[in-house]
Amino acid sequence: MDKLRKTIYTKEYHMLLERLKNRREELGISQDKLSQLLGRTRTFVSKAELGERRLDILELMHYLEMLQLDPKQFFNDYFRGVKNLRNVAAKSCCEEIPGQA
């Protein structure tokens, strides 16, 4: 059985963080402004975006609210992206390398 890795080190978690950061930037909201909206420090937002600080589910839900994201749509899009990421990884690991048998 595979061991469960710490999620903050997974590609899937970094994809989630990238989506949050991209949305913040899309809205033209600085880390400082988002931290004010969240009632947290700018360091909290910075560390969360860098993956140095893990967001729990309640923090994530508040984050989504402040970024005007519908949780259901966000997670549907996220899981679609995760599925694509895993399909690409599975395909690339199983492809035959030319010239090798």
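Scanning the range 1-37 for residues that are over 18 Å from PHE79 (Cβ atoms), in contact with a helix residue (DSSP H, G or I) (Cβ under 8 Å, 6 or more places away or on another chain) and part of a helix (DSSP H, G or I) turns up LYS21, ARG24, GLN31, ASP32, LEU34, SER35, LEU37.
Quick check on LEU27: is it touching a Leu at 6+ places or on another chain (Cβ under 7 Å), of a type outside the set (Gly, Ala, Ser), more than 21 Å from THR10 (Cβ to Cβ) and in contact (Cβ under 8 Å) with a residue 24 or more places away in the chain? Show your work before the answer.
Working: touching a Leu at 6+ places or on another chain (Cβ under 7 Å): yes; of a type outside the set (Gly, Ala, Ser): yes; more than 21 Å from THR10 (Cβ to Cβ): yes; in contact (Cβ under 8 Å) with a residue 24 or more places away in the chain: yes.
So LEU27 fits the description; yes.
Within the range 35-75, restricting attention to residues that are of a type in the set (Gly, Ala, Ser) and modelled with pLDDT of 95 or more, the residue that is nearest to LEU17 (Cα to Cα) is ALA48. Pairs linking a residue in the range 30-52 that is over 14 Å from HIS14 (Cα atoms) to a residue that is in a helix (DSSP H, G or I) and among the small types (Gly, Ala, Ser), with Cβ atoms under 9 Å and 6 or more positions apart or on different chains, are GLN31/SER46; SER35/SER46; ARG40/ALA48; THR41/SER35; ARG42/SER35; THR43/SER35; PHE44/SER35; VAL45/SER35. Looking across the range 38-61, the residues that are buried (at least 16 other Cβ atoms within 10 Å of the Cβ) and part of a helix (DSSP H, G or I) come down to LEU38, PHE44, VAL45, ALA48, GLU49, LEU60.
In contact (Cβ under 8 Å) with a residue 40 or more places away in the chain and of a type in the set (Phe, Trp, Tyr) - does that describe any residue in the range 70-84? Give the steps one after another, and end with the answer.
Quick first cut of the range 70-84, residues in contact (Cβ under 8 Å) with a residue 40 or more places away in the chain only: 74, 77-78, 81-82.
Cutting the leftovers down to of a type in the set (Phe, Trp, Tyr) gives us 74, 78.
Yes, the range 70-84 contains at least one residue that is in contact (Cβ under 8 Å) with a residue 40 or more places away in the chain and of a type in the set (Phe, Trp, Tyr).
The values are calculated or read from the model by the stated rules, or taken from the named source; none is laboratory data. Since the model is a prediction, treat every value here as computed from it, not as a measurement. Positions of Cβ are generated from backbone atoms using ideal geometry, with glycine treated the same way; all protein chains shown enter the neighbour counts.
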